[in-house]
1. Measuring from label point to label point, each 7 Å out along Cα→Cβ, what is the Lys25 to Asp43 span in nm?
2. Sort Phe46, Phe6 by heavy-atom solvent-accessible area, probe 1.4 angstrom, most to least.
3. Using a probe of 1.4 angstrom, how much of the accessible area of the chain is carbon and sulfur, in percent?
4. Accessible area per residue for the chain in Å², computed with a 1.4 Å probe and the full protein assembly in place, what is it?
5. Multiplying the sequence separation of His2 and Glu50 by 0.36 nm and subtracting their Cα-Cα distance, what value in nm do you get?
6. Once the Cα gyration tensor of the chain is diagonalised, what are the square roots of 5 times its eigenvalues, in whole Å and ordered largest first, as equivalent ellipsoid semi-axes?
7. For Ser79, what accessible surface area do you get with a 1.4 Å probe? Give it in Å², rounded to 10.
Amino acid sequence: KHAMEFCWSYIPAGETNGEIPSTHKGEECIVVIKGTLEVYVEDQIFSLEEGDAICFDATVPHGWHNRTNDEVQIIWAASPPHF
């Protein structure tokens, strides 16, 4: 069994992970490959652009929102794996 999961994700324009922030065990990292993505970690908002990355403790409330009119591409990593 592996201790980390990686996903390449395509996030449509205007898409969000939902109204309620997520929390779970482990850590997450996001690298923006294309576009701009807002990432929320507790009470902070980070605007990530192409080439930017963020890592955070997933036990704190977090989420994301593509506020642009373009698709965003990210590589997302989580430990422990979710799937």
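The values are calculated or read from the model by the stated rules, or taken from the named source; none is laboratory data. Everything quoted here is computed from the prediction, not taken from an experiment. Heads up, the Cβs are rebuilt from the backbone with ideal geometry, glycines too, and the neighbour counts pull from every protein chain shown. Heavy atoms of the whole protein, side chains included, go into the accessibility calculation; ligands, DNA and RNA do not. Shrake-Rupley method; radii C 1.70, N 1.55, O 1.52, S 1.80 Å.
1. Label at Lys25, label at Asp43, 2.9 nm between them.
2. On the way: Phe46 70, Phe6 140 Å².
I get Phe6, Phe46, largest accessible area first.
3. Numbers: 2890 of 5400 Å².
The value for the chain is 53 percent carbon and sulfur by accessible area.
4. Details: 5400 Å² over 83 residues.
Per residue, the chain has 65 Å² of solvent-accessible surface.
5. On the way: separation 48, 0.36 × 48 = 17.28 nm, distance 2.80 nm.
Gain in length upon complete extension: 14.5 nm.
6. On the way: eigenvalues 78, 44, 24 Å².
They are 20, 15, 11 Å, listed from largest to smallest.
7. For Ser79, solvent-accessible area is about 40 Å².
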